[in-house]
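Just so it is clear, none of the values below were taken in a lab; they were calculated from the coordinates. Every value quoted in this text rests on a predicted model; they were computed, and no experiment measured them. Counting neighbours? That spans all protein chains shown, and the Cβs are built from the backbone with ideal geometry, glycine included.
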Amino acid sequence: MGITPLVSVIMSVHNGEDYLKKSIQSILDQTFKDFEFLIINDKSMDSSAEIIQSFKDERIVCVTNEENLKLAASLNKGLHMAKGKYVARMDDDDIALPVRLEKQVDFLEMHPNVGLLGTYAELFGSKKGVRKHSSINNELKVRTFFSCQFCHPSVMLRRSILHQNNLSYDPSFKTAQDFE
């Protein structure tokens, strides 16, 4: 990994012990290795802190909030810290396939006109199935008027877009921060 990683993976954790170990491991096991992994522990009261600390990987940067700031504010902390050309989102209860980052970086590198992309998502736990959204740009734009068309923890975007447009998550949104 270079001094400046190509990708910044951002995860906010709040009492996520149930899937956290598998979630973190799925990012560390990526075929693409040039990333920093920014984990914001949002004042977890379970064993999340111990799980995060059990990983000894130089790509992990863990920040612990002194108070529970909630998801949007914690993600903004991660966005502020991000150094990568690309920002990838990950949630503490999701598992990424091993080639996720590699395929997303390759796509963005080959398509400089694309600013953001996401993937299908296979649901596990209490919900089953595959969440699919259109991959046609104009369809995505129209459907976004009615619902979020990106599975948030599968998103990768160009960090430059965030900076050029002064974009961040609105902390007043308790849910659907990504849709806003």
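For L38, what charge total do you get from the other residues with a beta carbon under 10 Å from its beta carbon, if Lys and Arg give +1 and Asp and Glu give -1? Don't skip to the end; give the middle numbers.
Numbers: positive: R59, K77, K83; negative: E36.
Here the count lands on +2.
What is the sum of charges around N65, taking Lys and Arg as +1, Asp and Glu as -1, for the other residues whose C-beta is under 15 Å from the C-beta of N65?
On the way: positive: K43, K70, K77; negative: D42, D46, E66, E67, D92.
Neighbourhood net charge equals -2.
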Checklist entry - From the backbone phi of the stretch 16-33, what are the Karplus-calculated ³J(HN,Hα) couplings (6.51 cos²θ - 1.76 cosθ + 1.60, θ = phi - 60°) in whole Hz, Gly and Pro given as x? => result x, 4, 4, 10, 4, 4, 5, 5, 4, 4, 5, 7, 5, 8, 4, 5, 8, 10
Next on the checklist: Placing +1 on the Cβ of each Lys and Arg and -1 on the Cβ of each Asp and Glu in the stretch 1-73, which of A49, T4, I39 has its Cα farthest towards the positive end of the resulting dipole?
Outcome noted: T4
